[in-house]
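Asker: Here's a structure for you.
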Amino acid sequence: MADRPGGAGGSNKPKLALHIPEPKYRPGDVADFSHLNVPPAGEQPRPDEAADPKSFAPLAYDLIRVLGDDDQAHGPWDPKLDPDTLRTMLYNMALVRAFDERMFRGQRQGKTSFYMKCTGEEATSVAAGMALASDDMVFPSYRQQGILISRGYPLVEMINQIYSNKGDKLKGRQLPIMYSSREHSFFSISGNLATQTPQAVGWAMASAAKGDSRIAATWVGEGSTAEGDFHSACTFATVYNAPVILNVINNQWAISSFSGFAGAERTTFAARALGYGLAGLRVDGNDALAVYASQQWAANRARANAGPTLIEYFTYRAEGHSTSDDPSGYRSAQEQDEWPLGDPVNRLKNHLIALGEWDEDRQAAMDKECADTVKTATKEAEKNGILGHGMHQPFHTMFEDVFEELPWHLKEQADQATRERKIKFDGGRPKS
Amino acid sequence: MSKSATEGQTVADVGSERRLNMIDAINDALDIMLERDPDVIVLGEDVGYFGGVFRATAGLQEKHGKTRVFDTPISECGIIGVAVGMGAYGLRPVPEIQFADYIYPGLDQLISEAARLRYRSATEYIAPLTVRSPFGGGIFGGQTHSQSPESIFTHVSGLKTVIPSTPYDAKGLLISCIEDNDPVIFFEPKRIYNGPFSGFYDKPVEPWKRFDASIVPEGHYKIPLGKARTVSEGDQLTILAYGTMVHVTEAVCKAKGIDANILDLRTLVPLDIEAIEASVERTGRCLIVHEATRTSGFGAELSALVTERCFYHLEAPVERVTGFDTPYPHSLEWAYFPGPVRIGEAIDKILKD
């Protein structure tokens, strides 16, 4: 194998050893997260929004937390939101969870090919999205349905897209959940990982070049921070001082690969910021108030031309990667229960109850309202059809929008496709 | 040589006798578009203060300002990636990739993002980029400064690929590309930046100013995408070429006394199939010439199209003259280059059949 004379290790020098990362717990193991440093809420300093990143470098290794074990908000990062805003946030998160539940079931019932839940990560999109202006441009990854829902995108449109039916604004071209809504300043989701990160930086550069006031924000999983695109994004963001927020959702798992395969055994993802001279914050991603406050801090910083921010939201992917994934094959089922940062919806709910602004009855009523809202939207969308039942987009749309105008070769191919539809092959017509 | 290379132009005004080389013509196009459209933005490695390693952007930053024309980090992924984001914002970015050989780190952003954005968002977002990049060999650039990767891009649905062969065309085509709402790869044959190349590498380069194709009018004009240029009207055979090879082919025909119908394709996607069909139906013989490697090169597509569509007019098999399927060698550059000998032999073969 080795082409070294005398073979590998032929000398008396110490042998090298290759390290292959291994998660702490595999299926059947007792999960114990006591090694994780979870500092008390309210202890982390809140630097000035225009401060030099070097002056608050320790925040890239800390964990910014607001909601304490007593369900109260603590410390300088408390965004001091009024109860109505908190209830809206709770509602949005509950609606996302209800939506996820029903869409997951819909996939299992054969109504579509694919779905991705964001269970346990709702705060990282809902609370972050709410901290931005509604016309700030977001470049999401595939688990940020919470932003669309917070921005009031109709659930029916989302379901039409998931079903790829004739009501789908994206003409049935995209894998389910790869939404796009320009009207909601929500960029088209790619499916190729981390490609959206330099795009967000470019959008922010354009906004700055034009003297606009809108900023950009992007979301990327901790696993795909290993992509070159992410590092290009960090470099361009810092070089041009782009008004952008780079959100890294560290949910511990990239399908079956734990965060160690993206470098988490050595340092935090927020610490990536320091080498680039970006502001870096590491935040409890299951603490909706800390998520909101950190996103608001970074937005204010960007808006003041004070620079871009990289935020790591430390959270946990409570369920599988997608409907095509079964996490019981690679991680301990106990992890979710033992996760020391709790559940983001419950934590916000308990906070509102502790404030005297909420109770279990109202929560139950709201949960039912969310379920009913989703059910109504689902029934409405199903009138437009479900995947694979013939009520798809007009056939010719397959060839449209490849270019602004249809070139001759696509015209010929479209004619061929139309002709094929009329031909009976082997006695029958293919199922659409 | 191409003394009549302004054929096919779309403007009547060639009155002024201003003669430019290809670099200056490209610079002129960028200057005009920066002036006319406040959304045009030029970015790339060394394109700002310095004006580009080939000088294509010289003076543009000084004239139009640092936020319109600027240097970038050495990251083709980042350059194309931010350009896609700028396009989504509403700008019309013109990124330069310093050498086509360096474009590969940006492929995901080009192939999976720029080329697909209109389709996947059902026109909500578009990527109206024009990616300029010098390509091709003949300058002793070795394997990393000589490649012709056009067929990688012609294979991608949603990308247009444009290659000029004269200063006049370079300006008019580049303006069309920048105004086009689809992403375009604009490959500039760097061997002919300063003058057309006969393929006889030991002869001195004749500067562009000796050729009428270097008459470049002031102001805005466009060469439509998807239209080939008739270089010569002969009827012995059809030769399909683009970029540097247009001139090499023309010189070989002249030297051999061959009366060919040479078509400079100018745009590979969308292709001017009508011009190709009309020519091959008339001549019955077709030679395809490109500098890129042979296997799965654009010549394979051209050969297939001609065979599928003109088979009953053909009097000889379609021939391809290409670079060899090796990396572009440094010291053996002229043995690699599809020069006069390879082209001449192919012409003889086609005409003999």
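Asker: Any residue at all in the range A:186-201 that's crowded, with 20+ Cβ neighbours inside 10 Å, of a type in the set (Phe, Trp, Tyr) and either more than 21 Å from B:Ala88 (Cβ to Cβ) or in contact (Cβ under 8 Å) with a residue 60 or more places away in the chain (or both)?
Answerer: no
Asker: Still on this structure, please answer the following. If we scan the range A:82-100, do we find a residue that is under 30 Å from A:Ala262 (Cα atoms), not in a helix (DSSP H, G or I) and not hydrophobic (A, V, I, L, M, F, W, C)?
Answerer: Within the range A:82-100 (the criterion being under 30 Å from A:Ala262 (Cα atoms), not in a helix (DSSP H, G or I) and not hydrophobic (A, V, I, L, M, F, W, C)), the answer is no, since none of the residues qualifies.
Asker: Could you give me the residue pairs with C-beta distances under 8 Å whose first residue belongs to the range B:57-71 and is within 11 Å of another protein chain (Cβ to nearest Cβ) and more than 16 Å from B:Leu174 (Cβ to Cβ), whose second residue is of a type in the set (D, E, K, R) and crowded, with 16+ Cβ neighbours inside 10 Å wherever it lies, and which are 6+ apart or on separate chains?
Answerer: B:Asp71/B:Glu45; B:Asp71/B:Asp46
Asker: Another question about this same structure. Would you pick out the residues in the range B:96-127 that are acidic (Asp, Glu) and within 11 Å of chain A (Cβ to nearest Cβ)?
Answerer: Selection gives B:Asp108, B:Glu113, B:Glu124.
Asker: Can I ask one more? Would you confirm whether or not the range A:226-243 contains a residue that is crowded, with 20+ Cβ neighbours inside 10 Å, more than 14 Å from chain B (Cβ to nearest Cβ) and at pLDDT 95 or above?
Answerer: Among the residues of the range A:226-243, not one is crowded, with 20+ Cβ neighbours inside 10 Å, more than 14 Å from chain B (Cβ to nearest Cβ) and at pLDDT 95 or above, which makes the answer no.
Asker: Step by step: first the residues of the range A:109-142, then only those that are within 23 Å of A:Pro344 (Cα to Cα) and among the β-branched types (Val, Ile, Thr), then the one that is farthest from the other protein chains (Cβ to nearest Cβ). Which residue is that?
Answerer: A:Thr119
Asker: Only one of these is within 28 Å of A:Met103 (Cα to Cα), within 8 Å of chain B (Cβ to nearest Cβ) and at pLDDT 95 or above: A:Thr218, A:Thr195. Name it.
Answerer: Values: A:Thr218 fails: within 8 Å of chain B (Cβ to nearest Cβ).
Going through A:Thr218, A:Thr195 in turn, just one is within 28 Å of A:Met103 (Cα to Cα), within 8 Å of chain B (Cβ to nearest Cβ) and at pLDDT 95 or above: A:Thr195.
Asker: Within the range B:77-94, track down each residue that is at the interface with chain A (Cβ under 10 Å from one of its Cβ atoms) and of a type outside the set (Val, Ile, Thr).
Answerer: B:Cys77, B:Gly78, B:Gly81, B:Ala83, B:Gly85, B:Met86, B:Gly87, B:Ala88, B:Tyr89, B:Gly90, B:Leu91, B:Pro93
Asker: Need at least 1 residues that are away from every other protein chain (no Cβ under 14 Å), within 24 Å of A:Tyr153 (Cβ to Cβ) and touching a Leu at 6+ places or on another chain (Cβ under 8 Å) per element, so show me which helices (runs of 4 or more DSSP H) inside the range A:329-432 make the cut, counting only ones lying wholly within it. Spell out how you get there, then give the answer.
Answerer: Values: elements: A:335-338, A:344-354, A:360-382, A:408-422.
Of the helices (runs of 4 or more DSSP H) lying wholly inside the range A:329-432, those with at least 1 residues that are away from every other protein chain (no Cβ under 14 Å), within 24 Å of A:Tyr153 (Cβ to Cβ) and touching a Leu at 6+ places or on another chain (Cβ under 8 Å) span A:344-354, A:360-382.
Asker: So, one more: Can you tell which of B:Thr295, B:Thr267 is polar (S, T, N, Q) and touching a Gly at 6+ places or on another chain (Cβ under 7 Å)?
Answerer: B:Thr267
Asker: Yes or no: the range A:349-358 includes at least one residue that is among the basic types (Lys, Arg) and exposed (fewer than 15 other Cβ atoms within 10 Å of the Cβ). Let's see the steps before the verdict.
Answerer: Step one: of the range A:349-358, the residues among the basic types (Lys, Arg) are A:349.
Next, from what is left, pick out any that are exposed (fewer than 15 other Cβ atoms within 10 Å of the Cβ): none.
Within the range A:349-358 (the criterion being among the basic types (Lys, Arg) and exposed (fewer than 15 other Cβ atoms within 10 Å of the Cβ)), the answer is no, since none of the residues qualifies.
Asker: Tell me, please, whether a residue that is within 11 Å of another protein chain (Cβ to nearest Cβ) and either of a type in the set (Ser, Thr, Tyr) or assigned to a helix (DSSP H, G or I) (or both) can be found in the range B:128-136. Walk me through it before giving the result.
Answerer: Of the residues in the range B:128-136, the ones within 11 Å of another protein chain (Cβ to nearest Cβ) are B:128-129.
If we keep only those that are either of a type in the set (Ser, Thr, Tyr) or assigned to a helix (DSSP H, G or I) (or both) as well, we get none.
Within the range B:128-136 (the criterion being within 11 Å of another protein chain (Cβ to nearest Cβ) and either of a type in the set (Ser, Thr, Tyr) or assigned to a helix (DSSP H, G or I) (or both)), the answer is no, since none of the residues qualifies.
Asker: Show the residue pairs meeting these rules: Cβ distance below 9 Å; 6+ apart or different chains; first residue within the range A:348-376 and closer than 16 Å to A:Lys80 by Cα and touching a residue at least 40 places away in the same chain (Cβ under 8 Å); second residue assigned to a loop (DSSP other than H, G, I, E, B) and among the polar types (S, T, N, Q).
Answerer: The qualifying pairs are A:His351/A:Gln72; A:Ala354/A:Gln72; A:Leu355/A:Gln72.
Asker: Out of the residues in the range B:53-96 meeting the condition of being of a type in the set (Gly, Ala, Ser) and buried (at least 24 other Cβ atoms within 10 Å of the Cβ), tell me which one is nearest to B:Asn21 (Cα to Cα). Lay out the reasoning, then the answer.
Answerer: Start the filter on the range B:53-96 by keeping residues that are of a type in the set (Gly, Ala, Ser), which leaves B:56, B:58-59, B:65, B:75, B:78, B:81, B:83, B:85, B:87-88, B:90.
Those still in the list that are buried (at least 24 other Cβ atoms within 10 Å of the Cβ) too: B:56, B:78, B:81, B:83, B:85, B:87-88.
On the way: B:Ala56: 11, B:Gly78: 31, B:Gly81: 31, B:Ala83: 28, B:Gly85: 33, B:Gly87: 30, B:Ala88: 34 Å.
Only one residue fits best here, namely B:Ala56.
The values are calculated or read from the model by the stated rules, or taken from the named source; none is laboratory data. This one's a predicted model, so the numbers in the text were calculated from it and none came from an experiment. Every residue, glycine among them, receives a Cβ derived from its backbone with ideal geometry; neighbour counts consider all protein chains shown.
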